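A.B. asks: Encoded as structure tokens, here's the structure I'll be asking about.
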Amino acid sequence: MEWHTLTEQLFGTDHHIAEDGDLLHGEATFEGQTITVVGTTHHAPIGLAMALAQARVVLDTLHHHPGRTILLLIDTQGQQLRLRDELLGINRGMAHLGCCIDLARRLGHRVIGLVYDQALSGGFITSGLIADACYALPEAEIRVMRIPAMSRVTKISEERLTELSKDNPVFAPGVGNYVAMGGVRNVWDGDLRTCLAEALRCAPTTDERALDGAVRGGRRLAASVVQQVLAA
Amino acid sequence: MNGVSFAECSARERIALLFDAGSFQEWLPPAARVMSPHLAQLGVPAAFDDGIAIGQALLDGECLFVAAQEGQFMGGGVGEVHGAKLTGLLQRALRDRPKAVVLLAESGGVRLHEANAGLIAVSEVMRAVLDVRAAGVPVIVLIGGANGCFGGMGIVARCADHIVMSDIARLSMSGPEVIEASHGVEEFDSRDRALVWRTTGGKHRFLTGDCDVLVDDDVASFRAAAVAAVQDSGICRAVSRESLELEHAELSRRLDLKSEGADALSVWQRLGVVDAARIPELDADAVRALRPAVAGMAG
């Protein structure tokens, strides 16, 4: 979904969200409260600069608007694949973004992630996946890697991977698989305002994803392994 | 220098040599057969420990929690069980409050054979690391394996309090092969070993402040650095808005570096390293001596 369409469905005209290159940021009013909106568009690659640009919005919110809800809008092709970014410590920049979002949560801000277009690996791990909870639109695409590329790396044929992905959510792209594994709390289907209101009311502040994955059957072992370590 | 190469050791050898002799008590050891449920159907052999050893051990008499990733098994890739063992260790640290958690990181990041589960698992590890730090228990990362510390684990490492690297270790995000496949050999020649090391290697990370301590590829040196870190009362870097503003300013300065011809050499020159061109030939000792002179980009 286009971000304009999304923000209109969520906030009507009651928002000041602007596009600045691939960065989206601004404020919106939702149920009488002002919230911070930050994210990316055009399937942005997340390099050091884009990680910092998003971190800036989060830090400004912590400084000027303590406690304010933050909505992360996710549309990324993953981390920027450039030598310069590696040289300058892209992993440190992404960790910084993750730490800013994590601190916001600890300071009592609600942080909700929404994958409205696509989410990939490095671009996702320090945004939606470190929010209180992450949601997705039904048409969103979430993956680590496309099946052909995964086939090259793992030396397993595309046919075999496609076949396996039908009943095993760990391989294949797809919002449904991420829901089954607990990485996405649920899909926002229907009236988006109702979905956001529900998320703000119900998103957990502790990490429930392994438990969700076990209950939903997409990730059967993670929660049990954690428990075994605690009991060992 | 004539000691045992950290890089050449297995994960368990590293633990055995780094910590006080015979003190390692492993949780979910290989005998427990807690294995990946996903690999068999791909026809890929599984490991009895899913490529990671976790437990508690004494370091100079102090009881610490430790995890060591095994680079020989799927490049240390994080799958569902591997990640859950690490998250479990961190949650246990949150409960039991050891003096520190030491992570011997060696990983290419998410294990692609269980890609989605691995990605979520890495994010659970990140959150757990930050929970442990928020509770005042320091997380110390040692990087010295041949596979380096990449992808999601490169991010996790930078979420920790303290990083020790050897001069032959690498810490970054995307591997050079991935960048070359995406943007061509002129962007990043993955076979140019000198280029790979000066872009992601321990010396570069040390000079820029991306790692805290640079050691030789020697288990005794890693042990000494870990002992020093645990004894340092200032090792906990509490995450606050103020600390993140400082980090933000530090990282923002880096963006001044022009894209055109971006190379480690120009970064070192900006840092004020005299005769930067000779850094690749220097040993860890000589590079350590340069850091006090380095300003600006250093953390």
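A.B. asks: Got a sec? How would B:Ser190, B:Ser221 order by Cβ neighbour count within 10 Å, fewest to most?
C.D. replies: In order of increasing Cβ crowding within 10 Å: B:Ser190, B:Ser221.
A.B. asks: Follow-up question, since we're still on this one. Looking at the protein assembly as shown, send over the antiparallel percent of its DSSP beta bridges, to the nearest 5.
C.D. replies: Values: 26 of 65 bridges.
Expressed as a percentage, antiparallel bridges in the protein assembly as shown total about 40.
A.B. asks: Here is a further query. Given springs between every Cα pair under 10 Å in a Gaussian network model of chain A, which of A:Ala140, A:Ala203, A:Ala149 has the largest fluctuation?
C.D. replies: Residue with maximal mean-square fluctuation among A:Ala140, A:Ala203, A:Ala149: A:Ala149.
A.B. asks: Now, a different point. Excluding B:Gly77 itself, what net charge comes from residues whose Cβ is under 15 Å from its Cβ, given Lys and Arg +1 and Asp and Glu -1? Intermediate results must be reported in sequence, preceding the final value.
C.D. replies: Values: positive: A:Lys155, B:Lys85, B:Arg111; negative: B:Asp49, B:Asp50, B:Glu70, B:Glu80, B:Glu106, B:Glu114, B:Glu177.
Combined, the nearby Lys, Arg, Asp and Glu give -4.
A.B. asks: Further question on the same structure: When a footprinting reagent is the concern and you count Cβ atoms within 10 Å, what order do A:Glu198, B:Glu186 take, fewest first?
C.D. replies: If I rank by nearby Cβ atoms, fewest first, I get B:Glu186, A:Glu198.
A.B. asks: Given 4 °C and 1.567 mPa s, compute D for the protein assembly as shown with the Stokes-Einstein relation, Rh being the Kirkwood radius over Cα pairs; round to the nearest whole µm²/s. Intermediate results must be reported in sequence, preceding the final value.
C.D. replies: Numbers: Rh = 23.1 Å.
Roughly 56 µm²/s, to the nearest whole number.
A.B. asks: Sort A:Ile156, A:Ile74, B:Ile15 so the one with the fewest other Cβ atoms within 10 Å of its own Cβ comes first. Please report the intermediate quantities before stating the final value.
C.D. replies: Working: A:Ile156 19, A:Ile74 28, B:Ile15 22.
With the sparsest Cβ surroundings first, the list reads A:Ile156, B:Ile15, A:Ile74.
A.B. asks: Further question on the same structure: For region B:232-281, what value does the Rg/Rh ratio take when both radii are computed over Cα atoms and Rh is the Kirkwood radius, given to two decimals? List each step's numbers first, then the result.
C.D. replies: On the way: Rg = 15.2 Å, Rh = 13.4 Å.
Dividing the radius of gyration by the Kirkwood radius yields 1.13.
A.B. asks: Compute from the Cα atoms of region B:141-282 the Rg and the Dmax, the latter being the longest Cα-Cα distance, and quote both in angstrom.
C.D. replies: Rg, Dmax (Cα atoms, Å): 15.7, 46.
A.B. asks: Also, quick follow-up: Quantify how strongly other chains surround peptide B:79-89 by giving the mean number of their Cβ atoms within 10 Å of each of its Cβ atoms.
C.D. replies: Details: counts 3, 10, 4, 1, 4, 12, 5, 3, 7, 12, 4.
The mean count of partner-chain Cβ atoms within 10 Å per residue comes to 6.
A.B. asks: If you don't mind, another one. Suppose we keep just the DSSP beta bridges with both residues in chain B; what percent of those would be antiparallel, to 5?
C.D. replies: Working: 12 of 31 bridges.
Beta bridges within chain B, antiparallel portion: roughly 40 percent.
A.B. asks: Here's another thing I want to ask about it. Mind listing which GluC sites (Glu not before Pro) in region B:210-299 are in a DSSP loop and have 15 or fewer other Cβ atoms within 10 Å? Present the calculation step by step, with values, prior to reporting the outcome.
C.D. replies: Values: sites: B:Glu242, B:Glu245, B:Glu247, B:Glu250, B:Glu260, B:Glu281; in loops: B:Glu260.
Hits after loop and neighbour filter: B:Glu260.
A.B. asks: While we're looking at this one, here's another question. Would you calculate the volume per residue, in Å³, of the smallest convex hull containing every Cα atom of region A:55-162?
C.D. replies: Working: hull volume 12.1 nm³, N = 108.
In region A:55-162, the Cα hull volume divided by residue count equals 112 Å³.
A.B. asks: Filter the GluC sites (Glu not before Pro) in region A:79-181 to those in DSSP coil with at most 14 other Cβ atoms within 10 Å of their Cβ, and list the result.
C.D. replies: Numbers: sites: A:Glu86, A:Glu139, A:Glu141, A:Glu158, A:Glu159, A:Glu163; in loops: A:Glu139.
Those satisfying the criteria are A:Glu139.
A.B. asks: Report, as a whole number in µm² per second, the diffusion coefficient that Stokes-Einstein gives for region A:3-206 at 20 °C and 1.002 mPa s using the Kirkwood radius over alpha carbon pairs. Spell out each step's value before the answer.
C.D. replies: Values: Rh = 17.3 Å.
Diffusion coefficient, whole number: 124 µm²/s.
A.B. asks: Turning to a different aspect of this structure: Please work out, to two decimal places, the log10 of the ratio I(q)/I(0) at q = 0.19 Å⁻¹ from a Debye calculation in which every Cα of region A:90-232 carries one identical scatterer.
C.D. replies: Those come out to -1.24, one per q.
A.B. asks: Cross-link candidates for B:Lys99: which lysines have Cα within less than 27 Å, leaving aside residues fewer than 8 places away along the same chain?
C.D. replies: B:Lys85
A.B. asks: Rg to Rh ratio, chain B, alpha-carbon atoms and Kirkwood radius? Please list the in-between numbers first.
C.D. replies: Values: Rg = 18.7 Å, Rh = 19.6 Å.
Computed over Cα atoms, the ratio is 0.96.
A.B. asks: Sticking with this one: Please report the orientation-averaged projected area of region A:132-184, defined via the convex hull of its C-alpha atoms, in nm². Each step should come with its number before you reach the end.
C.D. replies: Details: hull surface 15.4 nm².
Approximately 3.9 nm², given one-decimal rounding.
A.B. asks: Shifting gears a bit: Where both residues lie in region A:3-206, what percent of DSSP beta bridges are antiparallel, nearest 5? Each step should come with its number before you reach the end.
C.D. replies: Numbers: 14 of 34 bridges.
Once the DSSP bridges in region A:3-206 are tallied, antiparallel ones form about 40 percent.
A.B. asks: Same structure again: For chain B, modelled as a Gaussian network with Cα springs under 10 Å, which listed residue fluctuates most, B:Ala135, B:Ala57, B:Ala194?
C.D. replies: In the Gaussian network model the winner is B:Ala194.
A.B. asks: With +1 on each Lys and Arg Cβ and -1 on each Asp and Glu Cβ, how big is the dipole of region A:1-123 about its Cα centre, in debye rounded to the nearest 20?
C.D. replies: On the way: 8 positive and 14 negative charges, 123 e Å.
I would put it at about 600 debye.
A.B. asks: Angle check, please: helix B:80-96 long axis (alpha carbons) against the longest principal axis of chain B (alpha carbons), in degrees 0 to 90, nearest 10.
C.D. replies: Once rounded, the angle reads 90 degrees.
Taken together, the values in this text are just the output of simple stated rules run on the coordinates, not laboratory data. None of these values were measured; they are calculated from a predicted model. Counting neighbours? That spans all protein chains shown, and the Cβs are built from the backbone with ideal geometry, glycine included.
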